[in-house]
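I have placed the structure first, in the form of structure tokens, so that the comments after it can refer back to it.
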Amino acid sequence: MRVPSRRTFLTHLGRGSTAALLFPALGPDWAARDVPDLPAAAGAQDEAYWHLVRAQFPIRSGLIPMNAANLCPAPRSVVDATVRAAADVDGDVSFQNRAKYDSLRETLRGRIAAMLGASADEIAIVRNTSEANNTIVGGIPLGPGDEVVLSDLNHPTNSVAWDVRAKRYGFTVRRVSFPATPAAGAEIAAAFEAALTPRTRVLSFTDVSNTTGVRMPTRELCRLGRERGIHVHVDGAQSWGAVVRNLGELGCDSYSASAHKWFMGPKEAGILYVRSDRVAAIWPGSVGVGWGNGPETSLVGARKFETLGQRNDATIAGLDATVDFHERIGPAKIEARLLALTGALLQGLTRIPGVAAVTSSDPSLRAGVCIVRVEGVDSRALHEALYRQHGLAGAPTGGLRLSPHVYNALDDVGHAVGAVEETVRALRG
């Protein structure tokens with residue numbers, strides 16, 4: 001049977017959105033069809049352009065979403081592609097109809113690989129960063145006498161998961177600490193270098209911390225590991241879609257990320273990159289249909305890490321539309337915009353009496369995550385009041401965490417700073 005091309009596939013699904021019919025409670029913001037065309041990106045400070053970007057998202061009126069470190073809204077084009085594909089599958093669940101998603105998955109794999117400076121055979125399309133991290137945690141052969149070195153800022157799936165496996169298999173886990181607001185990337189690199197020993201088999205850390213906002217000297221850390229024959233795993237949950245990354249040049253052995261954060265894609269979609277010469281040495285966390293009938297798989301490259309059972313084909317269509325969206329704006333323009341937004345946010349927030357930055361003001365040490373601590377104010381109470389009274393969505397992580405993205409204008413930053421100042425004053429009484 002002839003497999004449709006990507007263009008034929010999208011045409012087959014059609015352009016009409018069913019979102020308004022399926023989710024009427026979401027109101028007119030979601031159902032609006034007068035979405036302006038999005039031209040190629042201008043400069044990071046061109047506010048008229050970024051207002052056009054904001055219009056691509058079905059964000060409810062009166063809300064200021066600054067929680068990208070946890071969950072991003074997806075643009076309407078992504079939601080529409082996902083909804084259309086879900087309706088297509090439910091309308092015809094035959095193998096014949098669903099075959100086109102296998103073709104799209106391979107096209108998508110190549111597109112993601114190109115964005116990340118990798119080959120298609122090095123990319124597995126999984127469900128999220130947690131799953132990807134646990135594949136690495138469980139897949140690298142380790143035992144007594146071996147050592148894993150971690151950042152103490154790691155997410156539980158790249159921290160506690162190592163402890164659980166170490167208890168079972170008898171290897172050692174060590175953690176590296178450094179100041180929450182380091183003076184330079186060299187300070188971080190020196191702390192890790194001092195922790196590495198001849199027994200170290202794995203070095204694993206977050207590319208950008210969700211608890212301090214620090215952007216790691218990732219290239220230097222990868223170099224330290226590669227020189228010593230250490231597997232370097234990078235948790236990219238806070239960098240994919242926010243920071244331009246060429247994984248081949250970066251030098252890591254594996255990299256994990258989710259689509260629902262900074263990549264602004266569908267939920268339950270993520271990636272695991274494994275460098276080609278490391279694929280064979282890592283065991284899969286799940287073996288299912290598609291693997292083959294014996295211990296040696298017939299799958300090529302990192303595909304062996306994605307035999308995860310029945311998947312939601314609609315996420316493939318949504319993820320493909322997300323790549324379109326990023327390419328339209330440009331990854332470098334997105335990174336520049338995030339640096340401008342977090343810079344303005346840090347500058348404004350630290351002018352409020354009693355507010356101190358955790359995240360560095362140095363652009364080389366931050367990305368889109370901005371964290372401050374407020375003297376004399378409970379972070380959870382502040383977080384709750386900001387949402388209830390001002391519609392500002394952040395997180396009480398490491399203090400007050402605000403993570404703006406391209407759907408935020410500089411006006412949003414000004415409103416956020418004003419809301420924090422007013423709320424802090426009220427909470428202090």
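Kindly indicate whether any position in the stretch 363-371 is surrounded by fewer than 17 Cβ atoms within 10 Å (Cβ to Cβ), modelled with pLDDT of 95 or more, part of a loop (DSSP other than H, G, I, E, B) and not aliphatic (A, V, I, L, M). No; the residues of the stretch 363-371 include none that is surrounded by fewer than 17 Cβ atoms within 10 Å (Cβ to Cβ), modelled with pLDDT of 95 or more, part of a loop (DSSP other than H, G, I, E, B) and not aliphatic (A, V, I, L, M). Of all residues in the stretch 259-289, those satisfying the criterion of being within 16 Å of residue 122 (Cα to Cα) and either polar (S, T, N, Q) or open to solvent by 10 Å² or more (accessible area, probe 1.4 Å) (or both) are 275, 276, 277, 278, 279, 280, 281, 283, 284. Apart from one condition, residue 129 fits all of (1) closer than 25 Å to residue 312 by Cα; (2) touching a Gly at 6+ places or on another chain (Cβ under 7 Å); (3) open to solvent by 40 Å² or more (accessible area, probe 1.4 Å); the exception is (3).
In the set 124, 114, 85, which member is closer than 20 Å to residue 325 by Cβ, among the aliphatic types (A, V, I, L, M) and open to solvent by less than 20 Å² (accessible area, probe 1.4 Å)? Give the derivation first.
Working: 124 fails: closer than 20 Å to residue 325 by Cβ; 114 fails: open to solvent by less than 20 Å² (accessible area, probe 1.4 Å).
Of 124, 114, 85, the one residue that is closer than 20 Å to residue 325 by Cβ, among the aliphatic types (A, V, I, L, M) and open to solvent by less than 20 Å² (accessible area, probe 1.4 Å) is 85.
Restricting 422, 375 to residues that are among the acidic types (Asp, Glu), touching a Gly at 6+ places or on another chain (Cβ under 6 Å) and farther than 21 Å from residue 58 by Cβ narrows the list to 375. Cβ-Cβ contacts under 7 Å between residues 6 or more apart (or on different chains), taken from a first residue in the stretch 158-181 that is farther than 17 Å from residue 134 by Cα to a second residue that is open to solvent by 50 Å² or more (accessible area, probe 1.4 Å) and among the acidic types (Asp, Glu), are listed as 175/152; 176/152; 177/152; 178/187. Restrict the check to the stretch 305-314 and report whether at least one residue is of a type in the set (A, V, I, L, M) and outside any loop (DSSP other than H, G, I, E, B). Yes: the stretch 305-314 contains one or more residues that are of a type in the set (A, V, I, L, M) and outside any loop (DSSP other than H, G, I, E, B). Being in a loop (DSSP other than H, G, I, E, B) and either without any contact (Cβ under 8 Å) to a residue 24 or more places away in the chain or within 20 Å of the chain's Cα centre (by Cα) (or both) is the requirement here; does residue 283 meet it? So residue 283 does not fit the description; no.
Pairing residues of the stretch 223-240 that are at positive phi with residues that are modelled with pLDDT of 95 or more and open to solvent by 10 Å² or more (accessible area, probe 1.4 Å), at Cβ distances under 9 Å and at least 6 apart in sequence or on separate chains, gives 229/201. Selection within the stretch 150-202: residues that are among the aliphatic types (A, V, I, L, M) and assigned to a loop (DSSP other than H, G, I, E, B). The member of this set that is most open to solvent (accessible area, probe 1.4 Å) is 183. Taking the numbered list (1) of a type outside the set (A, V, I, L, M); (2) open to solvent by 10 Å² or more (accessible area, probe 1.4 Å); (3) in contact (Cβ under 8 Å) with a residue 24 or more places away in the chain in turn, residue 403 passes all entries but (2).
Which residue is most open to solvent (accessible area, probe 1.4 Å), if the candidates are limited to the stretch 339-362 and must be part of a loop (DSSP other than H, G, I, E, B) and more than 23 Å from residue 425 (Cα to Cα)? That would be 361. Of the residues 143, 117, the single one that is at positive phi, in contact (Cβ under 8 Å) with a residue 24 or more places away in the chain, touching a Gly at 6+ places or on another chain (Cβ under 7 Å) and not aliphatic (A, V, I, L, M) is 117. Taking the stretch 203-218 as the range and being farther than 16 Å from residue 234 by Cα and part of a strand (DSSP E or B) as the test, no residue passes.
Would it be correct to say that residue 334 is in contact (Cβ under 8 Å) with a residue 24 or more places away in the chain, assigned to a strand (DSSP E or B) and of a type outside the set (S, T, N, Q)? First the steps, then the outcome.
Working: in contact (Cβ under 8 Å) with a residue 24 or more places away in the chain: yes; assigned to a strand (DSSP E or B): no; of a type outside the set (S, T, N, Q): yes.
Judged against the criteria, residue 334 is not a match.
Filtered by the rule that a residue be in contact with a helix residue (DSSP H, G or I) (Cβ under 6 Å, 6 or more places away or on another chain), small (Gly, Ala, Ser) and under 18 Å from residue 421 (Cβ atoms), the stretch 334-375 gives 344, 348, 357. Scanning the stretch 206-220 finds no residues that are more than 20 Å from residue 332 (Cα to Cα) and among the basic types (Lys, Arg). Any residue in the stretch 410-426 that is within 27 Å of residue 243 (Cα to Cα), within 19 Å of the chain's Cα centre (by Cα), open to solvent by less than 50 Å² (accessible area, probe 1.4 Å) and modelled with pLDDT of 95 or more? Checked the stretch 410-426: no residue is within 27 Å of residue 243 (Cα to Cα), within 19 Å of the chain's Cα centre (by Cα), open to solvent by less than 50 Å² (accessible area, probe 1.4 Å) and modelled with pLDDT of 95 or more.
The values are calculated or read from the model by the stated rules, or taken from the named source; none is laboratory data. This structure is a prediction, so every number in the text was calculated from the model and none was measured. Cβ sites come from the backbone with ideal geometry, for glycine too, and all protein chains shown count toward neighbours. Ligands, DNA and RNA are stripped out before the accessible areas are found, and what is left, the full protein with its side chains, is counted by its heavy atoms. Shrake-Rupley method; radii C 1.70, N 1.55, O 1.52, S 1.80 Å.
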